[in-house]
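The values are calculated or read from the model by the stated rules, or taken from the named source; none is laboratory data. Note that this is a predicted model, so its numbers are computed, not measured. Don't worry about glycine lacking a Cβ; one is built from the backbone with ideal geometry, like all the others, and counts go over all protein chains shown. These accessible areas exclude ligands, DNA and RNA; they are computed on the full protein's heavy atoms, side chains included. Shrake-Rupley method; radii C 1.70, N 1.55, O 1.52, S 1.80 Å.
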Amino acid sequence: ILVDREIVIVANTGEQSFTGGVLVDRDIQANPRSMRIAYSNRGTTGAITSRNMAAAKFHRDRQVFIGPAAALDVTLGPSEVQILVPA
């Protein structure tokens, strides 16, 4: 993160595809922003729009906390790395 610019690097070290949410800075992503895939070692292209969650669940020390969060829904192939930058 530099000022209001967030770059996200995601990696799937597994042998199967991964689809899931990746948390991002909720202040920077307060208004949903589009992030584009600037690099993928598998040649994946496209864009993803962040989403805001008013009541996300966080687990820590056998307790559950609920609060706001922002996330990107990503899909990565086996052993794929992606670099996401603001579109």
*Can you run phi through the Karplus equation (6.51, -1.76, 1.60; θ = phi - 60°) for the stretch 53-60 and list ³J(HN,Hα) in whole Hz, with x for Gly and Pro?*
10, 6, 9, 6, 9, 10, 10, 8
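Leaving ligands and nucleic acids out of the surface, order Thr49, Thr13, Thr19 by accessible area at 1.4 Å, largest first.
Largest to smallest exposure gives the sequence Thr13, Thr19, Thr49.
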_Give me the net charge for the shell around Ile28: Cβ to Cβ below 14 angstrom, other residues only, Lys and Arg +1, Asp and Glu -1._
0
*Could you work out the per residue convex hull volume over the alpha carbons of the chain, in cubic angstrom?*
107
_³J(HN,Hα), Karplus 6.51/-1.76/1.60, whole Hz, each residue of the stretch 69-83, x for Gly, Pro_ = 7, 10, 8, 10, 8, 10, 10, 10, x, x, 6, 9, 10, 10, 10
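Give me the percent of the accessible area of the chain that comes from carbon and sulfur atoms, probe 1.4 Å, all protein chains in place. Mind showing how you got there, number by number?
Numbers: 2980 of 5870 Å².
Carbon and sulfur: 51 percent of the exposed surface of the chain.
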*For Glu15, put the label point 7 Å out on the Cα→Cβ axis and report which residues of the stretch 52-78 keep their amide N under 18 Å from it.*
77-78
*Using alpha-carbon pairs under 8 Å, 6+ residues apart, how would you state the relative contact order of the chain in percent?*
45
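Assign unit charges at the C-beta atoms only (+1 for Lys and Arg, -1 for Asp and Glu), then state the dipole size of the chain relative to its Cα centre in Debye, rounded to the nearest 20.
On the way: 9 positive and 8 negative charges, 31 e Å.
Dipole magnitude for the chain comes out near 140 debye.
Just to confirm, what accessible area per residue do you get for the chain at 1.4 Å probe, in whole Å²? Display every interim value, and only then the final one.
Details: 5870 Å² over 87 residues.
On a per-residue basis, 68 Å².
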